[in-house]
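All remarks here apply to the structure that follows.
The values are calculated or read from the model by the stated rules, or taken from the named source; none is laboratory data. Bear in mind that the values here come from a model prediction, so they are computed numbers and not experimental data. As a convention, Cβ positions derive from the backbone with ideal geometry for all residues, glycine included, and neighbour counts pool all protein chains shown.
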Amino acid sequence: MERFNRLYTFVILIIMSIVFSNVVQSEPLKGTNKQIVNVGFMSSIKRVDEGKYVGALPDIMRMITSELNYDVKLQAMPIKRLLKSLEAGRLDVVIGLFKRQEREVYADYLSLPIGWVCANIFVPALPNQKISGSPASFSKKRIGMLRGANWGQKLADVFSEHQIMKTDVASYTVLAKMLDKGRFDAVVASNDAFQSAANQLDLKHQFVNFPLSNTNSLAMYILVSKHSKFAQEAQLTSKFNLALDTLTKNDSIRQIYRRHNKTFDEHCIK
C-alpha cells in the first residue's frame, strides 16, 4: 500500500509539472485606470528583466498603446495557442511568425507585416568545403536546427529524400558553437539571429550562408481582430509606423524597421 501511495504521488507530481510548464506566462500589471489591451507573443522570443518583458516587440506595443487610452498586458505562450486565444477573444493582439502562404487563413484579422525571418543554411568557410546550396550536397550530412523551428514541408521532404540527419538544439548560441566545433556539417537558421549569435562568440571559423527560398522562410505579423474596439480606435497601421519611426534609435528596433515593407529578395537575398 505504501508503495502504491508513493507511485500515486509521483504520478500526480509529473502531471502537475506538465500542466504548469504549459501555463501561459503573463507580465504582472500594476494598478491602472486605463483600459487594458491583451497582447500575446511567442514564448520563444520572451526576455524578462525584473519581472517585465523586454525587447523590440514589447516596446512597439507599449509605444502604440501609450498614445491611446490603453495599457498593454503582455502574455507569452506557445505559437499554436496564440491564434486560438485570439479567436476565442482572450487576446486582443497577437505577434507571431506565420507562413507566407497561410496569410489567407487570417483574413478576419487586421495584419500588420513586420518583416521576413529569413531561413539560411550556414556552413563553416573551409577551403575544402564540399557543401553548396543544392539539396544533394547535404546527402547524409549532420544538420542542426533550433528546437521547435519549422521551415516548411519542402525542406522536411529534402531531409527525408537525402537521408539528412537533423538534430534540434535549444539556442542559436549552441547552434553556432556546435557548427564551429564540427559537430554539425551545417545548420538551418534565421539569418539575423544566427549571425548575431555567431558575432558575439570568439569562434575559430567564419560561416558562409546559402539563402533558402521564401517558401522556407517566415513572416512576422501583428494580428488584430478587425472587429475589436482596439483596432477601430487605434488606426493601427499609422500608429505602428509612427512607433517604428520614433524608436529607431534602439538597435533591435532598427533591425525590424529595416525589414518593414521590404520584399523577401530585398531583405533576405543579399
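Only residues that are of a type in the set (A, V, I, L, M) and in contact with a helix residue (DSSP H, G or I) (Cβ under 7 Å, 6 or more places away or on another chain): list them for segment 144-167, please.
Leu146, Leu155, Val158, Ile164
Could we say that Lys154 is surrounded by fewer than 19 Cβ atoms within 10 Å (Cβ to Cβ) and part of a loop (DSSP other than H, G, I, E, B) here? Lay out the reasoning, then the answer.
Values: surrounded by fewer than 19 Cβ atoms within 10 Å (Cβ to Cβ): yes; part of a loop (DSSP other than H, G, I, E, B): no.
Criteria not met by Lys154.
Hey, does segment 240-252 have a residue that's surrounded by 14 or more Cβ atoms within 10 Å (Cβ to Cβ) and in contact with a strand residue (DSSP E or B) (Cβ under 6 Å, 6 or more places away or on another chain)?
Checked against the condition, which is being surrounded by 14 or more Cβ atoms within 10 Å (Cβ to Cβ) and in contact with a strand residue (DSSP E or B) (Cβ under 6 Å, 6 or more places away or on another chain), segment 240-252 yields at least one hit.
Could you please find all residues in segment 49-69 being of a type in the set (A, V, I, L, M, F, W, C) and closer than 14 Å to Gln35 by Cα?
Hits for segment 49-69 are Ile64, Leu68.
Report whether or not Thr263 is assigned by TED's automatic domain parsing to the domain that holds Pro58 and out of contact with any Lys or Arg (no Cβ under 7 Å at 6 or more places or on another chain).
yes
Residues Asn150, Asn128, Asn199: which one is within 20 Å of Phe264 (Cβ to Cβ) and not charged (D, E, K, R)?
Result: Asn150 is the single residue among Asn150, Asn128, Asn199 that is within 20 Å of Phe264 (Cβ to Cβ) and not charged (D, E, K, R).
So how many residues does segment 140-160 have that are within 12 Å of Ala189 (Cα to Cα), aliphatic (A, V, I, L, M) and at pLDDT 80 or above?
Within segment 140-160, the first condition is being within 12 Å of Ala189 (Cα to Cα), and the residues that meet it are 143-151.
Subsequent filtering for residues that are aliphatic (A, V, I, L, M) retains 143, 145-146, 149.
Then drop every residue that is not at pLDDT 80 or above, which leaves 143, 145-146.
So the answer is 3.
Can you pull out the strands (runs of 3 or more DSSP E) entirely within segment 1-105 that have at least 1 residues that are at pLDDT below 80, surrounded by 11 or more Cβ atoms within 10 Å (Cβ to Cβ) and not assigned by TED's automatic domain parsing to the domain that holds Ala193?
So the answer is 35-42, 93-99.
Inside segment 184-256, counting only helices (runs of 4 or more DSSP H) that do not spill past its ends, which hold 2 or more residues that are within 20 Å of Asn150 (Cα to Cα) and at pLDDT 80 or above?
191-199
Take Gly148 and decide whether it is under 24 Å from Lys80 (Cβ atoms), assigned to a loop (DSSP other than H, G, I, E, B) and touching a residue at least 40 places away in the same chain (Cβ under 8 Å). Break it down into steps so the answer makes sense when it comes.
Working: under 24 Å from Lys80 (Cβ atoms): yes; assigned to a loop (DSSP other than H, G, I, E, B): yes; touching a residue at least 40 places away in the same chain (Cβ under 8 Å): yes.
Yes, satisfied.
Before we move on, is Thr167 in a strand (DSSP E or B), polar (S, T, N, Q) and more than 30 Å from Val37 (Cβ to Cβ)?
It is true that Thr167 is in a strand (DSSP E or B), polar (S, T, N, Q) and more than 30 Å from Val37 (Cβ to Cβ).
Given the criterion among the hydroxyl-bearing types (Ser, Thr, Tyr), over 23 Å from His267 (Cα atoms) and more than 15 Å from the chain's Cα centre (by Cα), identify the matching residue among Thr215, Thr167.
Thr167
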